[in-house]
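Right, one structure below, let's go through it.
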Amino acid sequence: MSFKDDSSSEVGLSGESKLESFLFSCELSPKVPFYTFQGDEEEDLEHFLELRTVCLGEGAKEETNVVEVTSMNHQGKTISVPIANLHLSCLPMVSLGEFELKAPVTIRLKAGTGPVTVSGLHLIASQVEDSDLSDEDEDDDDEEEISPIKPAKKKQKQ
């Protein structure tokens, strides 16, 4: 899935941005109590993690499992926030909607033994140059030009 956004996320940049999304998932347990999501170091790309669901996995015990995320706030300071408090008998899954965080993000199993699966989307935003847009527009035009289907010729009876 990709789409173009006319607005730019940074002031002073011109042009459109392109957003691509990829499936994301990680499982937290005592063996792997945290996962750190980091984007590539390419300067033209911004990486985001859009969390959608947090759920207990098979074999979870009757205990409280707390999941927290650590990321940057609007002032650039690191902040940790609990996002789910799961319990097998009353709340085995939480839907977070579209909880979007800019990389780097650390997801941690703060309490409990899990397993807990966190899923969502890995979003990659990039600036699209005007030449790239014109190429894409031309490609779209080619796809829209569909040759008409002609009816089959009927055989004449003799």
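Read-outs: derived from the displayed coordinates by stated rules, not from any lab. Small disclaimer: the values here were computed from a predicted structure and weren't measured. Note that we place each Cβ from the backbone using ideal geometry, even for glycine, and neighbour counts take in every protein chain shown.
Set the Förster distance to 41 Å, then compute FRET efficiency between PHE22 and GLU58 from the Cβ-Cβ distance, nearest 0.05.
Result of the calculation: an efficiency of 0.95.
Take the Cβ-Cβ distance between ASP40 and SER89 as r, set R0 to 30 Å, and report the resulting FRET efficiency rounded to the nearest 0.05. Provide the component values of the computation, followed by the final result.
Details: r = 41 Å, r/R0 = 1.38.
It comes to 0.15.
Can you pull the one-decimal nm distance between simple spin-label points at ALA111 and PHE99, each 7 Å off the Cα toward Cβ?
1.6
FRET efficiency for VAL128 and ASN73, Cβ-Cβ distance as r, R0 = 25 Å, nearest 0.05? If you can, show how the numbers build up before the last one.
On the way: r = 29 Å, r/R0 = 1.15.
FRET efficiency, VAL128 to ASN73: 0.30.
Please report the base-10 log of the normalised intensity I(q)/I(0) for the range 62-123, using a Debye sum with one equal scatterer per alpha carbon and no solvent, at each q in 0.29 (1/Å).
-1.33
Give the Rg/Rh ratio for the range 15-66, taking Rg as the radius of gyration of the Cα atoms and Rh as the Kirkwood radius, to two decimals.
With Rg and the Kirkwood Rh in hand, the quotient comes to 1.09.
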